[in-house]
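**Student:** Dumping the structure here so I can ask a few things about it.
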Amino acid sequence: MRIFLEYLKVGLWMLPIILPALWLLPRLSKRYAARVSYVIWLVLAVRLLIPWNLTLPQETAPIHVAISEEQANEWVQAKFNPVQAPPKAEGTAAAAQKQTQPQAEPLQPLQIGFALWLAGVLVFVLRTVVSVFRMKALLRRWEKEPSAEAKAFFAETAGKTQPRLMVCPVLESPMAVGLFRTTVYLPHEHYTAQELEMIFRHELIHWRRKDIWYKLLLLIACAVHWFNPLVHLAFRCACRDLEMACDEAVVANA
């Protein structure tokens, strides 16, 4: 329950930071590289996942109270020789039975909020996992090997180490999938050589930068702060800046 309070405090503390970032970063991207926004969103996502607030230690000066010797003796006597209270008279049998039976305490608002937050996190994670497994099942069903020419061109563009290359005709655009074993998928192979080179370079930059792990971190932040619409809006802006930063790297020095 304490972690719920800490994340709630973090979410409230981050509001004055996320709001200016949503307004300022799209305007900064016109003058500065989109990679600046890419890094800023990463820092904000990490901060949203740290469940405590940074506070400076506060030292309190000791307080000395002067008391007389007679008052000190009275305090010691009351502390170590308390007066025994007279035993209470026994009540009725019904009252005694009522006292012995444990009474259920009503749920506090904090407990209800913690239960709702935890349920929201579980629902968000479950929906994400289900969508990932559906996508993987779709890709496995329709994927096929690319042509030898596409494989050779991909190997030439990638260099020594490279992810797997496959074709999946049900996709609308190229994509890279897989945290540990990344696969680059093409919707088709009817591209010109220049288009294919740009596509390969784009997806290889995602692979080398570990952008899939970047998106996973953003998703975890959204799961923890599922109740905060600004976090979901920041997630969409971060994904947009991620693609812009990748495009900038592709066309750099071109």
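**Student:** Please identify every one of the trypsin sites (Lys or Arg not before Pro) in the range 1-50 that sits in a loop by DSSP and has no more than 13 other beta carbons within 10 Å of its own beta carbon.
**Tutor:** Lys30, Arg31
**Student:** Apply the Debye scattering formula to the range 175-249, with a single equal point scatterer on each alpha-carbon and no solvent, then give log10 I(q)/I(0) at q = 0.28 Å⁻¹.
**Tutor:** Here the Debye-derived log intensity ratios amount to -1.26.
**Student:** Any chance you could look up the accessible area of Ser173 with a 1.4 Å probe, heavy atoms only, rounded to 10 Å²?
**Tutor:** Counting only protein heavy atoms, the figure is 60 Å².
**Student:** Dividing the Cα convex hull volume of the range 107-254 by residue count, how many Å³ per residue is that? Mind showing how you got there, number by number?
**Tutor:** Values: hull volume 18.0 nm³, N = 148.
Roughly 122 Å³ of hull volume per residue.
**Student:** Rounded to the nearest 0.05, what FRET efficiency do Val132 and His188 give with R0 = 22 Å and r taken as the Cβ-Cβ distance? Could you check?
**Tutor:** Numbers: r = 24 Å, r/R0 = 1.08.
E between Val132 and His188, to the nearest 0.05, is 0.40.
**Student:** While we're on this one: May I ask you to list the trypsin sites (Lys or Arg not before Pro) in the range 163-254 that are in a DSSP loop and have at most 10 other Cβ atoms within 10 Å of their Cβ?
**Tutor:** Qualifying residues, ordered by number: Arg181.
**Student:** Rolling a 1.4 angstrom probe over the protein chains, ignoring ligands and nucleic acids, what is the accessible area of Val121 in square angstrom, nearest 10?
**Tutor:** Roll a 1.4 Å probe over it and Val121 shows about 30 Å².
**Student:** Can you give the three extents of the C-alpha atoms in the range 119-192 along their principal axes, from longest to shortest, in whole Å?
**Tutor:** 50, 26, 18
**Student:** Suppose each label sits 7 Å from its Cα in the direction of the beta carbon; what would the Val46-Ala33 distance come out to in nanometres?
**Tutor:** 1.8
**Student:** When the dipole is taken about the Cα centre of the range 123-254, and only Lys, Arg (+1) and Asp, Glu (-1) are charged at their Cβ, what size is it in debye, to the nearest 20?
**Tutor:** 720
**Student:** Right, next: Give me the net charge for the shell around Glu243: Cβ to Cβ below 14 angstrom, other residues only, Lys and Arg +1, Asp and Glu -1.
**Tutor:** Working: positive: Arg35, Arg201, Arg209, Lys215, Arg236, Arg240; negative: Glu203, Asp211, Asp241, Asp247, Glu248.
Around Glu243, the charge tally is +1.
**Student:** Please compute the modelled spin-label separation between Glu6 and Lys160, points set 7 Å along Cα→Cβ, answer in nm with one decimal.
**Tutor:** Distance between the two pseudo-spin positions: 4.2 nm.
**Student:** Scan around Leu165 for amide H atoms under 5 Å from its own, H built in the peptide plane at 1.01 Å from N, and keep only partners 5 or more places away or cross-chain.
**Tutor:** It is Val184, by chain and number.
The values are calculated or read from the model by the stated rules, or taken from the named source; none is laboratory data. Note that this is a predicted model, so its numbers are computed, not measured. We place every Cβ from the backbone using ideal geometry, glycine too, and count neighbours over all the protein chains shown. Areas reflect the complete protein model, heavy atoms only, side chains present, ligands, DNA and RNA absent. Shrake-Rupley method; radii C 1.70, N 1.55, O 1.52, S 1.80 Å.
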